[in-house]
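Undergrad: The following block contains the structure, expressed as structure tokens.
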Amino acid sequence: MQNSYYDSKDLAKFGDIGDFEPVLGEKFFDYYNQVFEEGELTAREKALIALAVAHTVQCPYCIDAYTEASLEKGANETQMMEAVHVACAIRGGATLVHGVQMMNKTKRLGM
Amino acid sequence: MDVTSLTSRSHALKDPAEQLRVINNHSPVLCTLPRFDQMLEQSGLSPLKPTGIDIFQINLGYMCNMTCKHCHVDAGPDRKEKMSRENLEYCIQAIEALDAETVDLTGGAPEMHPDFRWLVERISKPGRTVIVRSNLTILVTNPKFRAFPEFFKKHGVEVTCSLPFYNKYTTDKQRGEGTYDRSIEALHKLNEIGYGKEGTGLVLNLVYNPAGAFLPGDQKALEADFKNNLMRKHGIEFNELFTITNLPISRYLEFLVKSGNLDDYMEKLVRAYNPAAAEGVMCRNTISVSWNGTLYDCDFNQMLEIPVETEESRHISDFDPEALLNREIRVNQHCFGCTAGAGSSCGGTTT
């Protein structure tokens with residue numbers, strides 16, 4: 001095993017996933033590629049969503065890939081940071097909204 | 001930080017031989033990358049041959065009012081090279097002999113050449129497209145240059161101009177503080193006299209090139225974004241957007257080396273090699289003439305001082321279309337920039 005779990009060069013090997021299990025690999029990549037095609041959402045909108053999700057799942061490969069993809073699709077720095085804030089708000093909000101459960105329980109237990 | 005030309009700084013990369021050494025052998029990664037001519041061979045395109053001389057491109061000189069970070073010409077206010085009247089006359093003879101359909105005027109800022117108006121008056125005629133590659137900001141500098149849009153209109157000149165993005169931050173980062181606002185002012189002026197407007201026949205195209213070490217996205221999608229945003233923010237209209245890939249030469253190469261992006265960028269270009277784009281490269285239907293009259297396969301080879309193969313027709317005074325049509329186009333590792341993805345040329349994608 002290498003000294004680090006993450007190596008940026010591994011990103012380019014993503015397609016090799018199919019080497020160990022070609023059938024599922026192919027199904028996944030067919031699906032994946034179709035997801036990112038221009039649809040009702042533009043390719044740029046999809047790249048920005050992917051960028052936000054990449055930050056939520058904290059995947060360095062995805063952040064690497066979708067920072068570049070967002071730039072390529074014509075997103076600018078402000079749009080990209082706004083997308084990260086959306087992820088941050090939902091993530092933070094998801095924690096905070098559970099405070100309602102805590103409040104519910106506290107109220108039930110309290111006198 | 002202010003950008004100055006490599007030449008004015010006596011930077012090692014001002015030497016084309018050094019640029020070629022860097023993109024070929026600067027690191028172990030670069031040494032092991034496939035060579036461009038091998039890729040052409042695999043695509044059945046080697047040796048690369050012309051398909052015609054449809055575009056006659058004249059680089060009038062390297063003087064420019066701007067010093068953009070990515071400039072492949074290393075142009076700037078300090079550059080004094082400009083085409084002599086004698087060489088301009090030879091160009092006109094060649095254009096007439098060819099009856100060239102498209103004449104593409106570039107630089108530097110071509111408008112800064114003292115004979116620019118004289119040249120356009122001599123070469124423009126119905127049925128011929130004369131393109132000026134304008135940086136836009138020159139058109140709002142002083143009264144002499146502010147008069148150019150009307151002059152372009154009078155001669156039906158097609159205006160192709162640089163605008164890396166529809167916002168100030170990205171544009172100014174690449175092209176210098178204040179560029180965006182001045183570009184918008186120039187675009188307004190061009191729109192006002194009919195450029196970019198439907199039905200006028202006055203063509204206004206924009207050129208997008210990435211402001212960093214990444215490749216351009218889909219040309220049509222970016223064009224739609226530019227159209228929506230420039231209309232929404234400024235009420236500006238234009239005809240087409242051309243996406244151009246930055247080639248790893250000159251000041252863009254300096255940026256790649258300094259920022260540690262060179263290996264990744266070259267790998268990216270090689271990975272994105274597209275045989276269909278290779279088939280449509282612009283050098284196959286273009287001749288590029290430099291300020292000193294030397295003939296090149298393209299503007300990039302001009303900057304790398306790789307002249308056309310034909311020794312008997314290597315200067316505009318010896319312009320021989322037949323010999324040039326039989327030449328072998330000279331390639332090197334920078335050519336991967338024109339064959340990546342959907343391809344890249346002075347007119348945008350090539351596939």
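Undergrad: Take the residues of region B:195-204 that are in contact with a helix residue (DSSP H, G or I) (Cβ under 7 Å, 6 or more places away or on another chain) and either open to solvent by 10 Å² or more (accessible area, probe 1.4 Å) or within 14 Å of chain A (Cβ to nearest Cβ) (or both): which is nearest to residue B:129 (Cα to Cα)?
TA: Of everything passing the filter in region B:195-204, B:202 is nearest to residue B:129 (Cα to Cα).
Undergrad: Might you let me know whether region B:148-163 holds any residue that is closer than 24 Å to residue A:71 by Cβ, within 14 Å of chain A (Cβ to nearest Cβ), in contact (Cβ under 8 Å) with a residue 12 or more places away in the chain and within 22 Å of the chain's Cα centre (by Cα)?
TA: There is at least one residue in region B:148-163 that is closer than 24 Å to residue A:71 by Cβ, within 14 Å of chain A (Cβ to nearest Cβ), in contact (Cβ under 8 Å) with a residue 12 or more places away in the chain and within 22 Å of the chain's Cα centre (by Cα).
Undergrad: Within region A:44-87, can you find the residues that are at pLDDT 95 or above, over 19 Å from residue B:245 (Cα atoms) and of a type in the set (D, E, K, R)?
TA: A:45, A:46, A:64, A:82
Undergrad: Select from region B:45-72 the residues that are of a type in the set (A, V, I, L, M) and part of a strand (DSSP E or B) and list them in ascending order.
TA: Answer for region B:45-72, where residues must be of a type in the set (A, V, I, L, M) and part of a strand (DSSP E or B): B:55, B:58, B:63.
Undergrad: Could you tell me whether any residue of region B:90-101 is under 18 Å from the mean Cα position of the chain (by Cα), modelled with pLDDT of 95 or more and buried (at least 21 other Cβ atoms within 10 Å of the Cβ)?
TA: no
Undergrad: Let me ask you something else. Please go through region B:226-241 and pick out each residue that is within 14 Å of chain A (Cβ to nearest Cβ) and either open to solvent by less than 10 Å² (accessible area, probe 1.4 Å) or in contact (Cβ under 8 Å) with a residue 24 or more places away in the chain (or both).
TA: B:226, B:229, B:230, B:233, B:241
Undergrad: Residue A:60 passes all but one of (1) surrounded by fewer than 16 Cβ atoms within 10 Å (Cβ to Cβ); (2) of a type outside the set (D, E, K, R); (3) without any contact (Cβ under 8 Å) to a residue 24 or more places away in the chain; which number fails?
TA: Looking at each condition in turn, residue A:60 falls short on (3).
Undergrad: Sort out which residues of region A:27-49 are away from chain B (no Cβ under 12 Å) and open to solvent by less than 50 Å² (accessible area, probe 1.4 Å), and write them in order of number.
TA: Result: A:29, A:39, A:48.
Per-residue answers, yes or no, for (1) surrounded by fewer than 21 Cβ atoms within 10 Å (Cβ to Cβ); (2) within 14 Å of chain A (Cβ to nearest Cβ); (3) part of a helix (DSSP H, G or I); (4) on the phi > 0 side of the Ramachandran plot:
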site: B:172; (1), (2), (3), (4): yes, yes, yes, no
site: B:185; (1), (2), (3), (4): yes, no, yes, no
site: B:190; (1), (2), (3), (4): no, no, yes, no
site: B:206; (1), (2), (3), (4): no, yes, no, no
site: B:214; (1), (2), (3), (4): yes, yes, no, no
site: B:224; (1), (2), (3), (4): yes, yes, yes, no
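Undergrad: For region B:50-59, indicate whether the set of residues that are within 30 Å of residue B:178 (Cβ to Cβ), open to solvent by less than 40 Å² (accessible area, probe 1.4 Å), aromatic (Phe, Trp, Tyr) and touching a residue at least 40 places away in the same chain (Cβ under 8 Å) is non-empty.
TA: The answer is no, given that none of the residues of region B:50-59 is within 30 Å of residue B:178 (Cβ to Cβ), open to solvent by less than 40 Å² (accessible area, probe 1.4 Å), aromatic (Phe, Trp, Tyr) and touching a residue at least 40 places away in the same chain (Cβ under 8 Å).
Undergrad: Follow-up question, since we're still on this one. Looking at this structure, is residue B:41 under 30 Å from residue B:127 (Cα atoms), charged (D, E, K, R) and over 22 Å from the mean Cα position of the chain (by Cα)?
TA: no
Undergrad: Pairs please, first residue from region B:170-191 and touching a residue at least 60 places away in the same chain (Cβ under 8 Å) and closer than 13 Å to residue B:135 by Cβ, second anywhere and among the hydroxyl-bearing types (Ser, Thr, Tyr) and open to solvent by less than 10 Å² (accessible area, probe 1.4 Å), Cβ atoms under 9 Å, 6+ apart in sequence or on different chains.
TA: B:175/B:137; B:175/B:183; B:176/B:137; B:179/B:137; B:179/B:171
Undergrad: Further, regarding this structure: Return the residues of region A:52-82 that are away from chain B (no Cβ under 14 Å) and of a type in the set (A, V, I, L, M, F, W, C); say none if nothing qualifies.
TA: Result: A:52, A:53, A:54, A:57, A:59, A:62, A:63.
Undergrad: Are any residues in region B:295-328 under 14 Å from residue B:284 (Cα atoms), open to solvent by 10 Å² or more (accessible area, probe 1.4 Å) and not in a helix (DSSP H, G or I), and if so, which ones?
TA: Of everything in region B:295-328, those that are under 14 Å from residue B:284 (Cα atoms), open to solvent by 10 Å² or more (accessible area, probe 1.4 Å) and not in a helix (DSSP H, G or I) turn out to be B:296, B:298, B:309, B:326, B:328.
Undergrad: If you don't mind, there's one more thing I want to ask. Out of (1) open to solvent by less than 10 Å² (accessible area, probe 1.4 Å); (2) closer than 26 Å to residue B:152 by Cα, what's the single condition that is false for residue B:282?
TA: Status for residue B:282: all satisfied but (1).
Undergrad: Would you call residue B:252 buried (at least 17 other Cβ atoms within 10 Å of the Cβ), among the hydroxyl-bearing types (Ser, Thr, Tyr) and not in a helix (DSSP H, G or I)?
TA: Answer is no for this residue.
Undergrad: Let me ask another. Hey, any hits in region B:155-170 for a residue that's part of a helix (DSSP H, G or I), surrounded by fewer than 22 Cβ atoms within 10 Å (Cβ to Cβ) and at pLDDT 95 or above?
TA: Checked region B:155-170: no residue is part of a helix (DSSP H, G or I), surrounded by fewer than 22 Cβ atoms within 10 Å (Cβ to Cβ) and at pLDDT 95 or above.
Undergrad: Count, please, the residues in region B:104-137 that happen to be polar (S, T, N, Q) and buried (at least 21 other Cβ atoms within 10 Å of the Cβ).
TA: 4
Undergrad: Can you name the condition, by its number, that residue B:8 falls short on among (1) within 25 Å of residue B:286 (Cβ to Cβ); (2) not in a helix (DSSP H, G or I)?
TA: (1)
The values are calculated or read from the model by the stated rules, or taken from the named source; none is laboratory data. Owing to the predicted nature of the structure, the values given are computational and were not obtained by experimental measurement. When we count neighbours, we look across all protein chains shown, and the Cβ atoms used for this are built from the backbone with ideal geometry, even at glycine. The protein model used for the area step is the full one, side chains on, heavy atoms only, and it has no ligands, DNA or RNA in it. Shrake-Rupley method; radii C 1.70, N 1.55, O 1.52, S 1.80 Å.
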